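Some notes on the structure that comes next.
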Amino acid sequence: MKKITRTLFGTSLLVAVLFTSCKSEQESASQNSYQNRDMIVKAKLEKRIKSKLEYPDSYEFVELTLKDSVLFSDNVKYNKNYYSQIIEADKKIIQKQEMYKKEGSSSYKQEKVERLQAAISKNEKILAEIERVSSGLGDKAYETASCIYTYSFKSKNTSGKDGSYKYIVQAEHAPEYKVTMVAKESNLLASNSHYFPGYDEIMKSFE
């Protein structure tokens, strides 16, 4: 009985060690991925900023802090809602047009109805493609689509005096982590691209 107990204890301990080891490796990989992303964004920013400074040698990095991030799954959700709302809005306009037609009103426009019907058909197909493509994303759906950082540095200004500067930065997804905007205020940031893997291909197919 003692031998069985020892065996069970040993097996449980081994499972616990393996689980902890796997978890640690996953956390370490995620941490390294985030650090790599931030290093790439920092390098891109420094290159961009130094090229515009009167005294580039005076540049001194202070801080790059992640403030917010958007996942591919968030962008998928946005796109689904966006096209669903457009479809519903167009259907309501058609319903109103049909009411005008029954009343014999001059407000009824057959060309308008046909144009809206074509738009609805196209947007329903786009929505169906978004559903199809997004369902195959798997774990990639939970990867970062874009990030918002606060970025600060010191440097001499055009007058040669020391100054401190702080910006809001927007960067896109891996692997390029393209910096799309550097602004003083968050309301000046560009709207999100709403990109997810497969998005560009879908849009091109309906051009």
Between the modelled labels at A89 and K125 (7 Å from Cα along Cα→Cβ) the distance in nm is 2.2
Taking amide H positions as placed in the peptide plane 1.01 Å from N, state which residues far from A145 in sequence (5 or more) or on other chains have amide H under 5 Å from it. V70, L71, F72
Accessible area (Å², 1.4 Å probe, nearest 10) - F206: 50
Protein chains only, probe 1.4 Å: how do K91, K52, K166 rank by accessible area, largest first? K52, K166, K91
Sequence-distant residues sharing a close amide H with V179 (under 5 Å, placed H): E172
Per residue of region 125-130, in order, report the coupling 6.51 cos²θ - 1.76 cosθ + 1.60 (Karplus, θ = phi - 60°) as ³J(HN,Hα) in whole Hz, putting x for Gly and Pro. 5, 4, 4, 5, 5, 4
Once the dipole of region 100-166 is set up from charges on Cβ (+1 Lys and Arg, -1 Asp and Glu), the residue from the list S155, A118, Y108 lying farthest towards its positive end is S155
What nm value, rounded to one decimal, do you get for the distance between K80 and K67 when each label is placed 7 Å out toward the C-beta? 2.9
Just how much of I168 is accessible, in Å², when a 1.4 Å probe is used and the result is rounded to the nearest 10? 30
How would you classify region 57-147 from its alpha-carbon gyration tensor, with a ≥ b ≥ c the square roots of the eigenvalues: rounded for a/c under 1.5, else prolate if a/b is greater than b/c, otherwise oblate? prolate
Which of the three applies to region 110-185, rounded, prolate or oblate, going by the alpha-carbon gyration tensor with a ≥ b ≥ c and a/c under 1.5 meaning rounded? oblate
Of Q97, V41, L53, which is farthest along the charge dipole of region 34-134 in the positive direction, counting Lys and Arg as +1 and Asp and Glu as -1 at C-beta? Q97
Segment D162-Y55, length gained on full extension (0.36 nm per residue, minus Cα span): 37.5 nm
Taking θ = phi - 60°, what integer Hz values does the Karplus form 6.51 cos²θ - 1.76 cosθ + 1.60 yield along region 55-70, in sequence order, with x for Gly and Pro? 10, x, 5, 7, 4, 9, 5, 10, 6, 10, 10, 6, 9, 7, 8, 10
Read phi for every residue in region 105-111 and hand back ³J(HN,Hα) as whole Hz from Karplus 6.51 cos²θ - 1.76 cosθ + 1.60, θ = phi - 60°, with x for Gly and Pro. 6, 6, 6, 6, 10, 4, 4
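The values are calculated or read from the model by the stated rules, or taken from the named source; none is laboratory data. From a predicted model like this one, the values you see are computed outputs, not experimental measurements. Reconstructed Cβ throughout: ideal geometry from the backbone, glycine too, with neighbour counts over all protein chains shown. Surface areas here come from the heavy atoms of the whole protein model, side chains and all, with no ligands, DNA or RNA. Shrake-Rupley method; radii C 1.70, N 1.55, O 1.52, S 1.80 Å.
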